[in-house]
Structure formats: structure tokens, C-alpha cells
Amino acid sequence: DVEVLSSRYFRRAPRQGRRWARVFVAVALLALGNAGAAAVFQASPADYRQSIRLLRAGDTLVLSAGEYRDGLPAYRLSGAPGRPITITGPDRGPPATFIARPGHNTVSIVDSHHLVVRHLVLEGNNIPVDAVKAERQSRSAHHITLENLTIRGHGNNQQNVGISTKCPAWNWVIREVT
């Protein structure tokens, strides 16, 4: 009886094994095919928040010059090692300027990783909010790069700062932020 069960198992195993191997190869090829597919989105103050939701590992959101009055919500943005999500303003000429609003940090980071934010002006207008904050409700914020940012007017009192983390945070790079 044990002999029959084992021979039955071995007769079926190769067919089942081949089927699983085909599924594995198809999934691996699909993943590899999408690994290099990064998109570049162009956005303006009128439509940038819709574009943020579309960002995937390796994608770049290029913001046009102008005043952005609804903050920069970096919620659940998941880049990957070597394929960060990048949100950038113009590298020269008139800037993309985020204007602070009461009750909301200008750049709010929640559960995001492998994210680059660059070439932005963060204007606080002396409103009591932080310029960049990894929010308290976030599980973590890691591998975040902030570069070429101009932070001004975010000093309403000692509790307001330019860059703050209120959740577990690691591997942050901050360069050329004034």
C-alpha cells in the first residue's frame, strides 16, 4: 500500500512540478520585465496630488514652477534599492514652491521608503507647522533623501522645525538644504 502511494506520488509530481515551474518562470519574467519600467510624470499645482498616487519604484514626478498650496503628502510611497521614487522641482529657473497651511506639515511622510525629494522651496509663512515631517502615525520612514531644498519661514516657535522625524527613521540623507 505504501508502495502504491509513493508510485502515484512520483507519477504526479513531475507534472505538478512542471506546472509550478512554468508559473514561477512566468512570474519571474513579468517581475523582471517591470523592474526597469520607470515612468516620468509631469505635474503642475493643479494636478500634482493625483500624480503622487501613481508613483511606483523608479518613477519620477517632475513638478513645474509655481505655488503648491495643498502640501506634499508622501504617503505609502515605496521605492526600492537603486530605484527610488523621486519628486523634484525644476533644477534651475523659477522654483516649485510649497506654501505651508495651518494644521498640516508642508511635506508629510508616512510609511514611505527609498524616496528622494529635491529642488523645492518650502515656504512656512511663520505658520506653526514643520517643513518636512516623518509623521508619528507612520510605522517607519527610511532611505529618504532630501536635497537642494530651501526651507524658510518654518520657525514660528521652538516646537516647529525644518526637518523632524516622529517615527522610526533610518538611512536619511540631507544635503544642500538651506
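Leaving out ligands, DNA and RNA but keeping every protein chain, what accessible area does Asp47 have, in Å² rounded to the nearest 10, with a 1.4 Å probe?
It works out to around 60 Å².
Could you please state how large a percent of the accessible area of the range 64-178 is carbon and sulfur, counting protein chains only and using a 1.4 Å probe?
Working: 2590 of 5500 Å².
For the range 64-178, the apolar C and S fraction of the accessible surface comes to 47 percent.
Over what distance in Å are the Cα centres of the range 100-116 and the range 160-178 separated?
That distance is 11 Å.
Considering the options Gly66, Thr150, Gly162, tell which one lies farthest towards the positive end of the dipole of the range 46-178, charges being +1 on Lys and Arg and -1 on Asp and Glu at the Cβ, about the Cα centre.
The residue sitting farthest along the positive end of the dipole is Gly162.
Out of the DSSP beta bridges found with both residues in the range 62-155, what percent are antiparallel (nearest 5)?
5 percent
Might you report the magnitude of the Cβ-based charge dipole of the range 59-172 about its Cα centre, with Lys and Arg at +1 and Asp and Glu at -1, to the nearest 20 debye?
180 debye
Among rounded, prolate and oblate, which fits the range 62-149 when a ≥ b ≥ c are the square roots of the eigenvalues of its C-alpha gyration tensor, a/c under 1.5 means rounded, and a/b larger than b/c means prolate?
Working: a/c = 2.36, a/b = 1.16, b/c = 2.04.
Judged from the Cα gyration tensor, the range 62-149 comes out oblate (a/c at least 1.5, b/c at or above a/b).
Tell me, what is the per residue accessible area of the range 131-174 in Å², probe radius 1.4 Å?
Roughly 54 Å² per residue, with all protein chains present.
Hey, what's the range 74-127 come to in accessible area per residue, 1.4 Å probe, Å²? Mind dumping the intermediate values first?
Details: 2160 Å² over 54 residues.
Accessible area per residue, the range 74-127: 40 Å².
The values are calculated or read from the model by the stated rules, or taken from the named source; none is laboratory data. Computed from a prediction, not measured in an experiment: that's the story for all the values here. Cβ sites come from the backbone with ideal geometry, for glycine too, and all protein chains shown count toward neighbours. With ligands, DNA and RNA removed, areas are computed over all heavy atoms of the protein, side chains included. Shrake-Rupley method; radii C 1.70, N 1.55, O 1.52, S 1.80 Å.
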